[in-house]
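The values are calculated or read from the model by the stated rules, or taken from the named source; none is laboratory data. Source: prediction; values computed, not measured. Note: ideal-geometry Cβ built from the backbone for every residue, glycine included; neighbour counts use all protein chains shown. All accessible areas refer to the heavy atoms of the entire protein, side chains included, with ligands and DNA or RNA removed. Shrake-Rupley method; radii C 1.70, N 1.55, O 1.52, S 1.80 Å.
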Amino acid sequence: MKPRDIRDLVHFSEDEPRHETLFESEHLWSEVICLQGAQGLGPMSDPASDAILLVISGEVSTQIGKSRSRMKQWDAVPILAGEELTLKNASEDPAVVLLVAAPPPTPTEPG
């Protein structure tokens with residue numbers, strides 16, 4: 001597999017958080033999420049996938065299950081299968097996070 005430079009996936013939108021898939025296989029999935037201003041995601045969860053959230057830059061506030069925390073650059077946290085994740089930019093500066101899940105999350109049906 002060819003290496004990728006994560007910086008190539010860092011793009012921001014005034015309208016909504018940006019998601020860019022980093023790697024995806026039958027057993028692993030990862031994406032780079034770019035947040036600016038008060039942008040956030042969630043709650044989201046997958047009943048069969050464990051995940052790791054890593055803050056690449058900036059600061060984010062997270063709620064995983066009932067636990068809340070503020071995370072800064074290089075902080076990482078596990079998210080167990082079935083736990084809900086809510087994520088929000090927590091500073092004036094943009095934030096970039098890496099979300100890695102195994103196995104890949106189950107796609108949701110548009111509702």
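Within the straight-line cut-off of under 13 Å between alpha carbons, the aspartates and glutamates reachable from Lys88 are Glu16, Glu59, sequence neighbours fewer than 8 places apart in one chain being disregarded.
If you rank Glu24, Glu14 by how much accessible surface each has, with a 1.4 Å probe, what is the order from largest down? The partial results should precede the final answer.
Numbers: Glu24 120, Glu14 160 Å².
The most accessible residue leads, giving Glu14, Glu24.
Near the amide H of Asp46, within less than 5 Å, lie the amide hydrogens of Gly82, Glu83, all on another chain or at least 5 residues away, with H placed in the peptide plane.
How far apart, in nm, are two points set 7 Å out from the Cα along the Cα-to-Cβ line at Val77 and at Met1? That separation, rounded to one decimal, is 2.6 nm. The GluC sites (Glu not before Pro) of the stretch 26-76 meeting both criteria, a DSSP state outside H, G, I, E and B (loop) and at most 15 other C-beta atoms within 10 angstrom of the site's C-beta, are Glu26. Per-residue accessible area (protein heavy atoms, 1.4 Å probe) orders Met1, Met71 as Met1, Met71, starting from the largest.
Bridging of Lys2 to aspartates and glutamates at a Cα separation below 19 Å is possible for Glu20, Glu24, Glu26, Glu31, once same-chain residues fewer than 8 apart are set aside. Of the trypsin sites (Lys or Arg not before Pro) in the stretch 1-87, the ones in a loop by DSSP (not H, G, I, E or B) with at most 14 other beta carbons within 10 Å are Arg4, Lys66.
Only one of [x] 110; [y] 153; [z] 92 was calculated from the structure for volume of the Cα convex hull per residue in Å³, and its label is [x].
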